[in-house]
Amino acid sequence: MPAKYHLKIEQDIPVIAECDVLVAGGGPGGLGAAVMAASSGAKTILVERFGILGGMASAGEVHPFMPNHYDAEGAGNAWISDHETCMDRPVYLEWLRAMAAYLPPVIRGKALADSEACNIARNIDKNAASLAAEDLCLKAGVKLLYHHTLVQVPVLDGRIEYAVFSSKSGFVAVKAKTYVDSTGDGDLAALAGCGFETGGPDGNCQPMTLCFKLSNIDRAKMPDYEQMQELYQKAKCAGILDCPRENLLYMETNDPSVIHFNTTRIIGRSGIDGIALSEAEIEGRRQFRQYLEWFRSSVPGFGNAQIHSIAQHIGVRETRRINGLACLTREDFIKRSKFKDAIARCNYPIDIHSTNGAGTEMVHIPHVEYYEIPYGCIVAKDVSNLTIGSRCISVDHAVHSSMRVMPPVCSIGQAAGLAAALAAKNGVGQSTLDGVEIRERLKAQGAWL
Ligand SMILES: Cc1cc2nc3c(=O)[nH]c(=O)nc-3n(C[C@H](O)[C@H](O)[C@H](O)COP(=O)(O)OP(=O)(O)OC[C@H]3O[C@@H](n4cnc5c(N)ncnc54)[C@H](O)[C@@H]3O)c2cc1C
């Protein structure tokens with residue numbers, strides 16, 4: 001919505017902390033960044049607008065962790081087998097292991113093999129995800145600042161000087177030597193004046209989805225997958241449901257009586273426009289109410305369905321992609337491009353939910369292959385001391401749809417955090433670092449590169 005007029009306010013803003021590395025945003029990317037920066041010896045502050053960590057894994061009710069596995073034998077499916085390698089380590093794997101501590105007693109305290117940790121925590125328990133993320137940060141010595149929303153980023157001579165947050169105390173600032181943008185939306189980079197791209201060929205971003213779970217489902221009566229889709233199409237034809245999705249997207253959870261739904265579709269609204277985001281929440285809940293009524297009245301097994309949980313924040317798949325020193329495109333995905341300065345590997349498919357209605361484009365990579373993300377994709381082009389440690393790195397719309405899932409985003413975050421720590425230690429910006437050295441240092445920390 002265009003501004004009616006502008007208001008100028010001059011304010012004294014207290015600087016409440018100084019540190020080596022400031023990470024803005026505590027989702028999977030921010031977790032990777034903060035834990036890796038602190039483990040590399042940097043005094044690290046992680047600032048999050050909500051009162052919990054986990055980002056989409058907790059506040060967004062997203063489920064499950066999508067597979068990003070290397071399979072030497074070339075089979076590859078959603079679950080990881082003994083001969084497969086989880087490509088996202090060390091922080092992502094540590095996160096999964098830490099989650100297991102909050103899962104039912106049969107799992108607690110067990111020494112988990114990598115594949116076991118991946119499979120056990122794959123079905124996300126959002127409370128376990130946020131508790132485990134906090135455990136990892138506190139153990140690594142990360143200072144956590146909750147309930148602070150980034151609002152201003154003053155820049156001097158191409159370097160970010162401060163990050164300003166809005167909190168219950170009013171506006172406060174933190175000064176750091178280097179910064180990591182883990183907001184998912186690239187808020188920090190954009191506020192610092194960095195250039196960015198948005199959307200696909202039609203200019204629109206992927207749609208948003210309000211995720212939810214229903215409980216008290218009678219699984220013995222629940223129709224099979226094909227029958228569920230038939231019921232869905234019938235309800236759409238009858239005008240009972242008007243969600244633009246082409247099918248009903250649902251998944252099992254660890255509790256047989258609880259089903260997860262990733263099936264609302266909110267198109268044509270931008271996740272970086274405050275008013276559009278507010279409208280999207282209302283539209284997401286409108287679609288939810290319609291679904292709830294339909295499930296209870298028309299779908300066998302759902303007669304006594306209860307609302308188990310609704311995401312506290314609508315799921316935003318795509319917003320800004322910050323201009324970096326390098327950019328990865330669909331061609332790199334097709335060629336499975338490899339780089340000397342690779343900082344993460346990915347073989348999750350191109351997965352583009354239609355930006356304007358029905359349909360989802362999927363382009364798969366066999367698990368025996370992967371493409372690599374070079375260091376330049378996570379280094380902001382327009383300021384010197386900023387790495388991007390979340391989904392908003394420098395890639396095109398197609399590659400974004402692949403690398404955006406949580407395991408590789410956590411790996412991207414850890415690379416951004418490691419680079420920020422090294423740059424702070426050397427008194428330089430991340431843009432002057434050698435990506436090949438970052439890769440070697442990541443390998444020394446246990447990254448699979
Ligand atoms: C509907 C939907 C379904 C998905 N399904 C899956 C799936 O099944 N499996 C999978 O692996 N991935 C899935 N994804 C993708 C994945 O969840 C995200 O791409 C991933 O979480 C991105 O991680 P991130 O750290 O970049 O951002 P986020 O997870 O969004 O975390 C960003 C964090 O930054 C904080 N933040 C944002 N702005 C500010 C600010 N201005 N100041 C302070 N803090 C701020 C947020 O509160 C949040 O905690 C899905 C995404 C959506 C939207």
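Laid out as a table, the results:
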item	result
Listed residue (Cys377, Asn347, Met362) projecting farthest to the positive dipole end of segment 305-401, Cβ model	Cys377
Centroid-to-centroid separation of segment 236-287 and segment 348-400 [C-alpha atoms, Å]	23 Å
Positive minus negative residues near Pro300 (Lys, Arg vs Asp, Glu; Cβ under 10 Å)	0
GNM top mover of Gly195, Gly301, Gly30 - the chain, alpha-carbon springs below 10 Å	Gly301
Stokes-Einstein D (µm²/s) once Rh is taken as the Kirkwood radius of segment 212-310 over alpha-carbon pairs, at 37 °C in 0.692 mPa s	232 µm²/s
Max mean-square fluctuation residue, GNM over the chain, Cα-Cα springs under 10 Å, options Glu61, Glu230, Glu134	Glu230
Choice from Gly357, Gly284, Gly29 showing the highest fluctuation, given a GNM over the chain with Cα pairs closer than 10 Å	Gly357
Hydrodynamic radius by Kirkwood, which averages 1/r over all alpha carbon pairs of segment 148-200, in angstrom	11.8 Å
Relative contact order, percent, segment 212-310 [alpha-carbon distance under 8 Å, six or more residues apart]	45 percent
Under 30 Å from Lys126, Cα to Cα: lysines that are on another chain or at least 8 residues apart	Lys43, Lys110, Lys139, Lys143, Lys168, Lys213, Lys221, Lys443
Cα-centred dipole magnitude for the chain, charges only on beta-carbon of K, R (+1) and D, E (-1), debye, nearest 20	620 debye
Environment charge at Gly184 (Cβ cut-off 13 Å; Lys +1, Arg +1, Asp -1, Glu -1)	+1
Average Cα contact separation per residue, the chain, under 8 Å, 6 or more apart, as relative contact order %	24 percent
Relative counts (whole %) of C-alpha pair distances in the chain, using bins that are 20 Å wide	26, 58, 16, 0
Interatomic Cα distance distribution for segment 293-375, bins of 10 angstrom, percent	13, 28, 27, 16, 13, 2
Length-normalised contact order of segment 316-383 in % [C-alpha pairs under 8 Å, at least 6 apart]	47 percent
Given 13 as the ceiling on other Cβ atoms within 10 Å, longest exposed-site-free region of the chain for chymotrypsin sites (Phe, Trp or Tyr not before Pro) in DSSP loops	80-449
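No value in this document is a laboratory result; all are computed from the given coordinates. These figures come from a predicted structure and were not determined experimentally. So basically every Cβ, Gly included, is an ideal-geometry build from the backbone, and we count neighbours across all protein chains shown.
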